[in-house]
1. Name the single residue, out of those in region 32-50 being modelled with pLDDT of 90 or more and loosely packed, with under 12 Cβ neighbours inside 10 Å, that is farthest from the chain's Cα centre (by Cα).
2. Can residue 40 be described as out of contact with any strand residue (DSSP E or B) (no Cβ under 9 Å at 6 or more places or on another chain), on the phi < 0 side of the Ramachandran plot and not in a helix (DSSP H, G or I)?
3. Applying the selection to region 7-19, what residues are surrounded by 12 or more Cβ atoms within 10 Å (Cβ to Cβ) and assigned to a loop (DSSP other than H, G, I, E, B)?
């Protein structure tokens, strides 16, 4: 069941920003897992010799780790001050 938001979604709402960042991270993990597993599947079939594949997987894993650290420890989800007009 998809997550439900009790009020109108707004990026200025700290709770919504936190949820949105976590859902974006989940999509990032899903895309990485799908692409990497497909590449490794064809690599294991020995159809080609991809020596760059471990480097790609490691690099993508590092990017995912940095993304996780950002949303878990660095991102500031406090209320944003009102914009002056």
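1. Residue satisfying both the conditions and the ranking: 41.
2. Working: out of contact with any strand residue (DSSP E or B) (no Cβ under 9 Å at 6 or more places or on another chain): yes; on the phi < 0 side of the Ramachandran plot: yes; not in a helix (DSSP H, G or I): no.
Taking the combined requirement at face value, the residue does not satisfy it.
3. 13
Let's see how each residue does on (1) more than 25 Å from residue 66 (Cβ to Cβ); (2) assigned to a helix (DSSP H, G or I); (3) out of contact with any helix residue (DSSP H, G or I) (no Cβ under 8 Å at 6 or more places or on another chain):
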site: 5; (1), (2), (3): yes, no, no
site: 21; (1), (2), (3): no, yes, no
site: 31; (1), (2), (3): no, yes, yes
site: 34; (1), (2), (3): no, yes, yes
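The values are calculated or read from the model by the stated rules, or taken from the named source; none is laboratory data. Bear in mind that the values here come from a model prediction, so they are computed numbers and not experimental data. Using ideal geometry, Cβ is built from the backbone for each residue, glycine included, and neighbour counts are taken over all protein chains shown.
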